[in-house]
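The values are calculated or read from the model by the stated rules, or taken from the named source; none is laboratory data. A quick note: this is a predicted structure, and the numbers were derived from the prediction, not measured. Neighbour counts are summed over all protein chains in view; Cβ atoms, including those assigned to glycine, are modelled from backbone coordinates with ideal geometry. Surface areas here come from the heavy atoms of the whole protein model, side chains and all, with no ligands, DNA or RNA. Shrake-Rupley method; radii C 1.70, N 1.55, O 1.52, S 1.80 Å.
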Amino acid sequence: MQPGWRSIEYGLAATNSRAPLMNEPPSNPGNESPRSIYRDSVHAAGAGDAQAGDELLLSRVKGNDQQAMTDLFDRYGSMVYSVALRVLNDPGQAEDVMQEIFFQIWRNPDSFVQGRGSMGAWLAVMARNRAIDALRRRKPTESVDDVVLASPTNLASEIERNSLMEKVRQVMKDLPSEQQNSVKLAFFEGLTHSEIAARTGDPLGTVKTRIRSALMSLRKAIET
Amino acid sequence: MMQGAHIPHEDLILYAMQALSEGETAAVRLHLEECKPCRDDLAAVSGDLALVALGVDQHPLPEGARQRFVDRISTATSATSQSEKKASVVAIDTGRPRRKAALWISWLATAALLVTAISLGLQVRSLNEELRRKSEEAAKQEAESSRAKQVLEVLTAPSAKRVLLTASKAKPAPTARAVYLAESGGLILQANDLEQLAQDKTYELWVIPANGQAPIPAGLFRPDAAGSASVVLPPLPKGVPAKAFGVTIEKAEGSATPTAPILLAGAVPTSGE
């Protein structure tokens, strides 16, 4: 296994049967929280074919099936590249990040552990994290690469993926500008919360609250 | 940062975005290994962050990116399979005593070995060729880069002298200096940078009398290879003040009167030279 792609098998259960948040009432059959309804409904609506498609492709990749790897690349390459490009603002570097992510999957398909959630979402986070590493010219970080995603959204389907992307874009546009800026600085520019506070002149607590509020707004909007 | 038994949601968000300091990151990581609720919360946060990532504007892949990836995994696959083949060949030769019944297996193994060796040989040759080509390209690029750097250094050096060059005169203009003593009729002419003449032509020196009389021929001359020529004490009448001197080009035997144009001319200074 490659350095930086070390797998820590914690939290896998969370993605198979999503665990509630700390401050969220536990779901129970017949009386589920809106969030779990959203996730389950998305999963039920599309996970079937498309999600199975990702898993099937990945299992073929494990058998050195180049065509399966190329199919995964065709499915998610543009998305991964776009995320990296947003961070790096350099087509050459963004392609390097994108190529490296897919090549690592080819060499080590187990770096994505089934059950961690949607492969597309996982790749999107990987692209962001790798691009930030490149931006900061540092070695790939290990711990945050062991991402477990409680988001079994159907990203393998291009139609649903595009629909979700459009919805996210709209939600992000509608956020208060301070929240947008905080998320931009932290997520796309890789600044620490202290750096953001120093740059914006806002207290540290305010920076944290803005980022949390932005994500909560996004989550709620997508769930509805 | 931590409050109570669990990590605040805000800090998990920052952790997922790698936006905590090193110390804070280490503390969160340590806690996560022991705390499932926080791991679950982190998983939810990561899902939210994936949404943020998915909200970026989509761009098509750069031209050729797909092919580059396909080539890369093909090369990696080829190298891996060759390695596996090599490993399997090594495993065949166990060093155990061979039995007659299994002799054909040895032949097959040998044949397989040969095929593999040939295949490997071809592969190595191809890779060597590729390596040689890449090395040449790299060396060429390095040389070009080095030269470009030198050019830049010269152009931008503060101590560099900047000089404007223009076209020089095609040829120096012919000149002549005359020294004349009217009382004795003595004349000496030294000319330089004269053009060479055809065989049937010659330069002729003239004294232009101050009294307005016709120019007096003062000698024929031709320049040497360097364009220099001189006339020393030609036969001239005595006591003829001169107003000026001139040089013309005449036919080889000379002329009684000057033929225009006058190539060189110089007036006698009123107070002498």
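Here are the numbers:
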| read-out | value |
| --- | --- |
| Residue list for region A:178-201, restricted to those being free of Cβ contacts under 8 Å to residues at least 24 places away in the same chain and open to solvent by less than 40 Å² (accessible area, probe 1.4 Å) | A:Leu185, A:Leu191, A:Thr192, A:His193, A:Ile196, A:Ala197 |
| Any hit, region A:167-177, residues being open to solvent by less than 20 Å² (accessible area, probe 1.4 Å), hydrophobic (A, V, I, L, M, F, W, C), facing chain B (nearest Cβ under 10 Å) and within 16 Å of the chain's Cα centre (by Cα) | yes |
| Failed condition for A:Ser82, given (1) within 7 Å of chain B (Cβ to nearest Cβ); (2) in contact with a helix residue (DSSP H, G or I) (Cβ under 6 Å, 6 or more places away or on another chain) | (2) |
| Region A:66-79, subset facing another protein chain (nearest Cβ under 8 Å) and free of Cβ contacts under 8 Å to residues at least 40 places away in the same chain, residue farthest from A:Ala131 (Cα to Cα) | A:Gln66 |
| Unique residue being surrounded by 19 or more Cβ atoms within 10 Å (Cβ to Cβ), modelled with pLDDT of 85 or more and within 28 Å of A:Ala198 (Cα to Cα) when the list is B:Leu61, B:Leu32, B:Leu14 | B:Leu14 |
| Index of the failed condition, A:Gly117 passing every other in (1) part of a loop (DSSP other than H, G, I, E, B); (2) more than 10 Å from every other protein chain (Cβ to nearest Cβ) | (2) |
| One residue from B:Pro235, B:Pro217 being outside any strand (DSSP E or B) and either of a type outside the set (Val, Ile, Thr) or open to solvent by less than 60 Å² (accessible area, probe 1.4 Å) (or both) | B:Pro235 |
| B:Ala173 closer than 18 Å to B:Ile262 by Cα and either surrounded by 12 or more Cβ atoms within 10 Å (Cβ to Cβ) or modelled with pLDDT of 90 or more (or both) | no |
| One residue from B:Leu131, B:Leu113, B:Leu122, B:Leu127 being open to solvent by 70 Å² or more (accessible area, probe 1.4 Å), under 30 Å from B:Thr75 (Cβ atoms), in contact (Cβ under 8 Å) with a residue 12 or more places away in the chain and assigned to a helix (DSSP H, G or I) | B:Leu113 |
| Helices (runs of 4 or more DSSP H) within region A:127-224 that include 1 or more residues under 17 Å from B:Ala16 (Cα atoms) and at pLDDT 80 or above | A:177-183, A:193-200, A:204-223 |
| Which listed residue is farther than 30 Å from B:Gln123 by Cβ, in contact with an Asp or Glu (Cβ under 7 Å, 6 or more places away or on another chain) and not β-branched (Val, Ile, Thr), from B:His59, B:His9, B:His31 | B:His9 |
